[in-house]
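Right, one structure below, let's go through it.
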Amino acid sequence: MQNGNLVTNPHEAQIVKQIFDQFLQGSSTGQIAKQLNYEHIPTQRGHHWWSSTIINILRNINYTGDMLCQKTYRDDQYHRHFNQGELA
């Protein structure tokens with residue numbers, strides 16, 4: 001973060017791009033994790049890669065561009081509901 005703004009880390013962005021590229025080429029999440037570990041590329045926290053870590057990256061709305069505001073809403077009784085077109 002610089003001056004209160006989010007800034008892309010080029011090294012981390014390259015790894016995320018590599019993960020998406022390999023997945024789109026047909027590699028499984030386990031194969032991708034194994035390849036990253038083989039190349040001695042640490043995770044953001046310095047650990048080994050697991051297929052579950054790869055799955056979380058592939059599902060992350062910040063990377064996929066699937067961000068949607070008001071995915072859920074609360075009715076008058078404060079019950080949470082998924083927004084299926086009720087709200088804009």
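The values are calculated or read from the model by the stated rules, or taken from the named source; none is laboratory data. Source: prediction; values computed, not measured. Every residue, glycine as well, gets a Cβ built from its backbone with ideal geometry; the counts of neighbours run over all protein chains shown. Heavy atoms of the whole protein, side chains included, go into the accessibility calculation; ligands, DNA and RNA do not. Shrake-Rupley method; radii C 1.70, N 1.55, O 1.52, S 1.80 Å.
A compact table of results
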{"read-out": "With every protein chain in place, the chain: carbon and sulfur % of accessible area (1.4 Å)", "value": "51 percent"}
{"read-out": "³J(HN,Hα) computed for each position of segment 20-32 - Karplus, 6.51 cos²θ - 1.76 cosθ + 1.60, integer Hz, glycine/proline x", "value": "5, 4, 5, 5, 5, 7, x, 6, 7, 5, x, 5, 5"}
{"read-out": "Mean separation of Cα contacts under 8 Å (6+ apart) over length of the chain, as relative contact order %", "value": "17 percent"}
{"read-out": "Mean shadow area of the chain over all directions, Cα convex hull, nm²", "value": "8.8 nm²"}
{"read-out": "Local electrostatic count, LEU36, Cβ distance below 13 Å [Lys/Arg +1, Asp/Glu -1]", "value": "-1"}
{"read-out": "Student exercise, the chain dipole from Lys, Arg, Asp, Glu Cβ charges, in Debye to nearest 20", "value": "200 debye"}
{"read-out": "Dipole of the chain [Lys/Arg +1, Asp/Glu -1 at C-beta], most positive-end residue of PHE82, GLN18, PRO42", "value": "PRO42"}
{"read-out": "Efficiency of FRET between HIS48 and TYR73 - r from beta-carbon atoms, R0 35 angstrom, step 0.05", "value": "0.30"}
{"read-out": "Segment HIS40-VAL16, length gained on full extension (0.36 nm per residue, minus Cα span)", "value": "7.1 nm"}
